[in-house]
Structure formats: C-alpha cells, structure tokens
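Enquirer: So that we are looking at the same thing, I have put the structure below in structure tokens.
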Amino acid sequence: MREACPMTQKLGSVSLQTDPLPKVVILEEGGLDPFVIRTAQRIIADHPEKVFFNHCPACNALARTPRARQCRFCGHDWHYNGDSQ
C-alpha cells in the first residue's frame, strides 16, 4: 500500500488522488477568470473588515498597493497630507 503524502494527511478526507471530483475542480468550473472573480467576491463578502482598497483621492483609480501614495494613472501624490505614515 502506498504511503500518503504529507499534504494529503493535512487535508484529511479531501484528497486529490482519491476524490472522484475534487473541490478545486468544482470551484474552477467555467475557467480561471470566473473562478478568480468568484473567489475575490467571496473573500470581500466574508471578510470586509480585512480588505482595503487604496483609491487615489484625485481620480479615484485603484492604487498599485495598499500603501501606495502616488497614482499611476493621474500622477497625483498624496505622501504629505498629514498622515503619520
């Protein structure tokens, strides 16, 4: 009998080797783009207090990172607006 890999042991009953239709395949049904969109929507719905969208105060475009202080679209810079960061 083949020994189970460590990942299979951690996942418990969910095993990609033994399940006829793994949960990952079910979640990815319809292609990668719908899967990514559904996953993002679920994360935002389940954890809204942990998700932060950093928008440019001038043009409202989404900044590159949560800590960015310069807009890549309009060039607006908000580094020195009184924030302690």
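The values are calculated or read from the model by the stated rules, or taken from the named source; none is laboratory data. What you are looking at is a predicted structure, and each value in this text was computed from that prediction instead of being measured. So basically every Cβ, Gly included, is an ideal-geometry build from the backbone, and we count neighbours across all protein chains shown.
Enquirer: Starting from the range 33-58, take each residue that is over 28 Å from TRP78 (Cβ atoms) and assigned to a helix (DSSP H, G or I) and list its partners that are at pLDDT below 95 and not aromatic (Phe, Trp, Tyr), counting only C-beta distances under 9 angstrom and pairs at least six apart or across chains.
Expert: The qualifying pairs are PRO34/GLU28; PHE35/LEU27; PHE35/GLU28; PHE35/GLU29; ARG38/LEU27; ARG38/GLY30; THR39/LEU27.
Enquirer: Quick one: is ASN60 in contact with a Ser or Thr (Cβ under 9 Å, 6 or more places away or on another chain), modelled with pLDDT of 90 or more and of a type outside the set (Phe, Trp, Tyr)?
Expert: no
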